[in-house]
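Visitor: Sharing a structure below in structure tokens format, with a few things to ask.
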């Protein structure tokens, strides 16, 4: 197959909005080999290893832990690359030589280990990027390649069930001197208890009050200066979707558009006051981001499910901004189905059960922000149908999940009324 057929940079915006990024077409078997190699390189000689989600919240935790160990990578190692990237995006002919988005999965359920392909500057605090569905693989690779006696940290990740990481966590713990786990997602009591019984120092913050950077900042035994408190506050502003500080969008977008090591170095050296070249890069990329958001909003449909109004759309886009636009149209909840097959579910004050809906379709998350990837793709014909119908089957499956949650809410209400009558 010719590279041009899957090259996102060569697509019109309309087609780009409806198809997954280039990385989607890279076979998992080859990606696993590359991931294993990258982890082996990253952890070689490390004194600590951080397995973290690769959004701004997870990577902010990595920056904190590197500060704790005095292992922040200097910004000089990335400055030239950022400048060159800005120059490409500023080309008047529009030829951007675009870096493909790291994946097309929603942040809550990214299922790839995301690391830069080329070996760059090294830190003695190694970063191993992971998502909820690649956490077992990441822990297995740490156990295989990290030196004995490391301090192991897991940040901004929550396993749906303990069983599928039990062996890998035990193996990683066996070579580690200590294991700490910081998170703010909603854990089941059984999973949290099992992780703690495995000897892990697990700290879970309130999901509607703290981001994981908050949890990490208060949990580490170190006197961090004020810029780290500010980083936590700005990260929280986006991660909890408070939208009170415009700088939080800069952090979130930059973390999504660049590789993990560059982001960690940037906030590690500068906090929330990003370098001028980075700010320019974000500004340039937002032009296309806005167009992709508009395309997704334009194809949205509003559905009534139980007591809620649900906005449903499809596209490769920033789901949070799309959800905002659908809420402005009267939606209590928003569903953004992505070309890669995953979906983002966003709530509001009128709908705080996003994680319950996602739980019915192979996902999870927070009351107002969750993600999932329905298990409905058996072969490439299923994906072809997904792209050509703009996610019709996935939309139907998720709307069915809304109906199930609505039925559960109604049953709870009836049980409550019955108990009151019985009194």
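Visitor: Please work out if residue 152 is in contact with a strand residue (DSSP E or B) (Cβ under 7 Å, 6 or more places away or on another chain), touching a residue at least 60 places away in the same chain (Cβ under 8 Å) and not in a loop (DSSP other than H, G, I, E, B). Steps first, answer last, please.
Guide: On the way: in contact with a strand residue (DSSP E or B) (Cβ under 7 Å, 6 or more places away or on another chain): yes; touching a residue at least 60 places away in the same chain (Cβ under 8 Å): yes; not in a loop (DSSP other than H, G, I, E, B): yes.
So residue 152 fits the description; yes.
Visitor: Hey, another quick one. If we scan the range 164-174, do we find a residue that is closer than 22 Å to residue 211 by Cα and within 20 Å of the chain's Cα centre (by Cα)? Write out each step before concluding.
Guide: First, pick out the residues of the range 164-174 that are closer than 22 Å to residue 211 by Cα: none.
There is no residue in the range 164-174 that is closer than 22 Å to residue 211 by Cα and within 20 Å of the chain's Cα centre (by Cα).
Visitor: In contact with a strand residue (DSSP E or B) (Cβ under 8 Å, 6 or more places away or on another chain) and in contact (Cβ under 8 Å) with a residue 40 or more places away in the chain, is that true of residue 343?
Guide: Working: in contact with a strand residue (DSSP E or B) (Cβ under 8 Å, 6 or more places away or on another chain): yes; in contact (Cβ under 8 Å) with a residue 40 or more places away in the chain: yes.
Taking the combined requirement at face value, the residue satisfies it.
Visitor: From the list 13, 30, 59, 64, pick out the single residue that is in contact with a helix residue (DSSP H, G or I) (Cβ under 7 Å, 6 or more places away or on another chain) and modelled with pLDDT under 90.
Guide: Numbers: 30 fails: in contact with a helix residue (DSSP H, G or I) (Cβ under 7 Å, 6 or more places away or on another chain); 59 fails: modelled with pLDDT under 90; 64 fails: modelled with pLDDT under 90.
Step by step, each of 13, 30, 59, 64 is checked, and only 13 is in contact with a helix residue (DSSP H, G or I) (Cβ under 7 Å, 6 or more places away or on another chain) and modelled with pLDDT under 90.
Visitor: Could I ask something else about it? Among the residues of the range 368-416, which ones are in contact with a strand residue (DSSP E or B) (Cβ under 8 Å, 6 or more places away or on another chain) and farther than 30 Å from residue 208 by Cβ?
Guide: If the condition is that a residue be in contact with a strand residue (DSSP E or B) (Cβ under 8 Å, 6 or more places away or on another chain) and farther than 30 Å from residue 208 by Cβ, then 390 is the only one that fits.
Visitor: Tally up the residues in the range 207-228 that are part of a helix (DSSP H, G or I) and within 23 Å of the chain's Cα centre (by Cα), please.
Guide: The total comes to 9.
Visitor: Any residue at all in the range 273-291 that is touching a strand residue (DSSP E or B) at 6+ places or on another chain (Cβ under 7 Å), at pLDDT 95 or above, buried (at least 16 other Cβ atoms within 10 Å of the Cβ) and in the same structural domain as residue 215 (by TED's automatic domain parsing)? So that I can check it myself, show each step before the final result.
Guide: Just the residues of the range 273-291 that are touching a strand residue (DSSP E or B) at 6+ places or on another chain (Cβ under 7 Å), to begin with: none.
No.
Visitor: When residues of the range 165-197 are filtered for being more than 22 Å from residue 65 (Cα to Cα) and either in contact with a strand residue (DSSP E or B) (Cβ under 8 Å, 6 or more places away or on another chain) or in a loop (DSSP other than H, G, I, E, B) (or both), how many remain?
Guide: 4
Visitor: Return the residues of the range 266-282 that are within 19 Å of residue 236 (Cβ to Cβ) and in a helix (DSSP H, G or I); say none if nothing qualifies. Can you show your working first?
Guide: First pass over the range 266-282, keeping only residues within 19 Å of residue 236 (Cβ to Cβ): 266-268, 270-274.
Of everything in the range 266-282, those that are within 19 Å of residue 236 (Cβ to Cβ) and in a helix (DSSP H, G or I) turn out to be 266, 267, 268, 270.
Visitor: Additional query: What's the number of the only condition in (1) surrounded by fewer than 20 Cβ atoms within 10 Å (Cβ to Cβ); (2) touching a residue at least 40 places away in the same chain (Cβ under 8 Å) that residue 260 fails to meet?
Guide: Unmet for residue 260, out of (1) surrounded by fewer than 20 Cβ atoms within 10 Å (Cβ to Cβ); (2) touching a residue at least 40 places away in the same chain (Cβ under 8 Å): (1).
Visitor: Now, a different point. Is it fair to say residue 126 is part of a helix (DSSP H, G or I), within 22 Å of residue 40 (Cα to Cα) and modelled with pLDDT of 50 or more?
Guide: It is false that residue 126 is part of a helix (DSSP H, G or I), within 22 Å of residue 40 (Cα to Cα) and modelled with pLDDT of 50 or more.
Visitor: Given the structure, is residue 73 in contact with a helix residue (DSSP H, G or I) (Cβ under 8 Å, 6 or more places away or on another chain), at pLDDT 95 or above and outside any loop (DSSP other than H, G, I, E, B)?
Guide: Numbers: in contact with a helix residue (DSSP H, G or I) (Cβ under 8 Å, 6 or more places away or on another chain): yes; at pLDDT 95 or above: yes; outside any loop (DSSP other than H, G, I, E, B): no.
No.
Visitor: On the basis of being in the same structural domain as residue 155 (by TED's automatic domain parsing), crowded, with 20+ Cβ neighbours inside 10 Å and on the phi < 0 side of the Ramachandran plot, does residue 203 make the cut?
Guide: Numbers: in the same structural domain as residue 155 (by TED's automatic domain parsing): yes; crowded, with 20+ Cβ neighbours inside 10 Å: no; on the phi < 0 side of the Ramachandran plot: yes.
No.
The values are calculated or read from the model by the stated rules, or taken from the named source; none is laboratory data. Everything numeric here is computed off the predicted structure, so don't read it as measured data. Reconstructed Cβ throughout: ideal geometry from the backbone, glycine too, with neighbour counts over all protein chains shown.
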